[in-house]
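So the structure is just underneath, and the comments pick up after that.
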Amino acid sequence: MLVSIIVPVIGDVGKLRTVLKAARRIKKEDIEIIVVDGTIGGKAKHIAKGRDIKVIYQSILRYPGKGIAMRDGYYFSEGDLIVYLDSDTEKADPNNIRELYRPILDGAADVVKAGLSRRFLEIEEMVKKHIEKLYPGLASIKHPLSPYTACKRKVLTNISWEPGWGADIALLLDAHRAGFRILEVDLDLKEKSSKKQPPHRVYREQIIEIMEAVLKRAREDGKIGVEEANKILEEAGAVA
């Protein structure tokens, strides 16, 4: 089975060199590595060198364009199994990456989530509260905003791509709505906190994009009305 490892680079290149080195060392499956460069000046291309790495440029140059980068990587991939990694993954090694997608190889899941997003740690509890109410089948997912996802290729044919920060939660919700099996693994890919780095500031735009992705789907499914959705969105925007 060919495994496509997609690394969107939408801001700083972070630990991209370490992530690529770890992906290259996976030997049990055939691997293709795709870096989606959404940086100003194409910073990632200077790191992602080698015939075994495919570098593509984000098709719509808007920031952050997280969902655009994820979609572009999928379009250019060939694997039956897709893995999304954050370019700032702190604990990237071949075994950890493989543990992310191993449940799919074992036939236990169609989608696997792991790790956490330090960027959105402050608002994750708020998002989880609404997901538990609107989509109780996902109540057990501890980190719905995690950027670490593995899935079968057919899952992504059912995704309505969000262009920005709502992409990860949209993928999770759309896969659930389509009836795919979702599993979360307890995998340590990113430290929860770091004394060397200040906590990420969460901007209103980021919160709104994430909550809009959730509420749009809930409205489509008849789980919530326009008035209630607007109220939730207003309250979410006031958090930033």
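The values are calculated or read from the model by the stated rules, or taken from the named source; none is laboratory data. Keep in mind that what you see is a predicted model, and the values were worked out from it rather than measured. Cβ atoms come from the backbone with ideal geometry, glycine included; neighbour counts cover every protein chain shown. The area values use the complete protein model at the heavy-atom level, side chains included, leaving out ligands, DNA and RNA. Shrake-Rupley method; radii C 1.70, N 1.55, O 1.52, S 1.80 Å.
Could you give the dipole magnitude of the chain about its Cα centre, charging the beta-carbon of Lys and Arg +1 and that of Asp and Glu -1, in debye to the nearest 20?
Dipole size: approximately 740 debye.
Would you mind giving the three semi-axes, in whole Å and largest first, of the ellipsoid equivalent to the stretch 1-121 according to its Cα gyration tensor?
22, 16, 14
Out of G179, G79, G65, any idea which swings most in a Gaussian network model of the chain, alpha carbons joined below 10 Å?
Looking only at G179, G79, G65, the largest GNM fluctuation is found for G179.
Output the peptides 99-107, 12-20 sorted from most to least packed, where packing is the average of other Cβ atoms within 10 Å over each peptide's residues.
The packing order, highest mean first, is 12-20, 99-107.
From Cα pairs below 8 angstrom and at least 6 apart in sequence, can you work out the relative contact order of the chain, rounded to a whole percent?
This gives 20 percent for the chain.
Under 15 Å from the Cβ of V55, count the other residues' Cβ atoms, weight Lys and Arg +1, Asp and Glu -1, and hand me the total.
Summing Lys/Arg as +1 and Asp/Glu as -1 gives +3.
Hey, what angle do you get for helix 121-134 against the long axis of the chain, alpha-carbon based, 0 to 90 degrees rounded to 10?
The two axes meet at around 60 degrees.
Going down the list K128/K223; K15/K66; K66/K128; K27/K128, which pairs span over 25 Å between their C-alpha atoms?
Table pairs above 25 Å Cα-Cα are K27/K128.
Debye sum, Cα scatterers, the chain, no solvent: what log₁₀ I/I(0) at q = 0.12, 0.15, 0.16 1/Å?
-0.64, -1.02, -1.17
Among D186, D174, D88, what's the order by accessible area (1.4 angstrom probe), most exposed first?
D186, D88, D174
Can you give the local net charge around D221? Use residues other than it whose beta-carbon is closer than 12 angstrom to its beta-carbon, Lys and Arg +1, Asp and Glu -1.
That works out to +3.
Using only Cα atoms, tell me the angle between helix 204-220 and the longest principal axis of the chain; keep it within 0 to 90° and round to the nearest 10.
Tilt relative to the chain: about 70 degrees.
Between helix 226-237 and the chain, what is the angle of the helix's C-alpha long axis to the longest principal axis, kept within 0 to 90° and rounded to the nearest 10?
60 degrees
Can you list the aspartates and glutamates whose alpha carbon is less than 19 Å from that of K28, not counting same-chain residues fewer than 8 positions off?
Correct list for K28: D52, E78, D80, D93, E99, D106.
For the stretch 91-141, which trypsin sites (Lys or Arg not before Pro) are both in a DSSP coil and crowded by at most 16 other Cβ atoms within 10 Å?
Here the trypsin sites (Lys or Arg not before Pro) that fit, given the DSSP loop and packing criteria, are K91.
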